[in-house]
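So the structure is just underneath, and the comments pick up after that.
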Amino acid sequence: KLEIAKQVVDKIKAERPGVPVLFFPNGAGGKLEIVKEVVDTADVISLDWGVSMADARKRLGPDVMVQGNLDPAVLLGPEEYIRKAVRECCREAGPSGHILNLGHGVMQGTPEESVATFCQTAREFLYEKEF
């Protein structure tokens, strides 16, 4: 399957060289080294919440741009829990090469206030203060 994904990514890159390609290997947390090797032309590897950002960063390396990967269920918790989880995800991702988002979208029934807390905390996170 990864070979097919590589063909798709390579075709997009060839036909639209200026368009960034994000690859989302849903559920592939146990195969990140293979993902990195096979789909090496993707600009970003998007991660689901099934793998910790610290583990993904360790296995993919600091030079691979990653996206993710907060567990969407976190947004069902109290405000301080959301803030702590956002900061932890950002810290684990490192000072660069990270696009913060939920590991698989906002769940139905998630309070809008929780989404606002997620966004506000992300905007307030200062990498230079943390690293």
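The values are calculated or read from the model by the stated rules, or taken from the named source; none is laboratory data. If you're wondering where the values come from, they're calculated on a predicted model, not measured in any experiment. A quick note on method: Cβ atoms are made from the backbone with ideal geometry, for glycine too, and the neighbour counts reach across all protein chains shown. Each accessible area value is taken on the protein alone, full model and side chains, heavy atoms only, with ligands, DNA and RNA left out. Shrake-Rupley method; radii C 1.70, N 1.55, O 1.52, S 1.80 Å.
The table for this structure:
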read-out: Spacing of the two label points (7 Å from each Cα toward its C-beta) at K129 and R87, in nm; value: 0.9 nm
read-out: Principal-axis tilt of helix 2-15 within the chain, Cα atoms, nearest 10 degrees; value: 80 degrees
read-out: Dipole axis of the stretch 35-105 (+1 Lys, Arg; -1 Asp, Glu on Cβ), positive-most option in V39, G68, A93; value: A93
read-out: Cα-centre dipole for the chain with unit charges at Cβ (Lys and Arg positive, Asp and Glu negative), debye to 20; value: 260 debye
read-out: Assigned charges on the beta-carbon of Lys, Arg, Asp, Glu; the stretch 41-84 dipole about Cα centre (debye); value: 160 debye
read-out: The chain, accessible surface, carbon-and-sulfur percent (1.4 angstrom probe); value: 56 percent
read-out: Cβ-derived FRET efficiency at R0 22 Å, D40 paired with A73, nearest 0.05; value: 0.10
read-out: Using alpha-carbon coordinates, inclination of helix 79-93 to the longest axis of the chain, degrees; value: 30 degrees
read-out: Per residue accessible area in Å² of the stretch 12-101, where ligands, DNA and RNA are left out and the probe is 1.4 Å; value: 52 Å²
read-out: Cross-link table K1/K31; K13/K36; K58/K129; K36/K84; K31/K84; K36/K129, entries beyond 24 Å C-alpha to C-alpha; value: K36/K84; K31/K84; K36/K129
read-out: Computed helical MRE - 222 nm, the chain, DSSP H runs ≥ 4 contributing -39500 (n - 2.57), nearest 500; value: -13500 deg cm²/dmol
read-out: FRET efficiency, 1/(1 + (r/R0)^6) with R0 41 Å, evaluated for V19 and V115 via beta carbons; value: 0.90
read-out: Over the stretch 3-131 - Rg/Rh using Cα atoms and the Kirkwood inverse-distance radius; value: 1.00
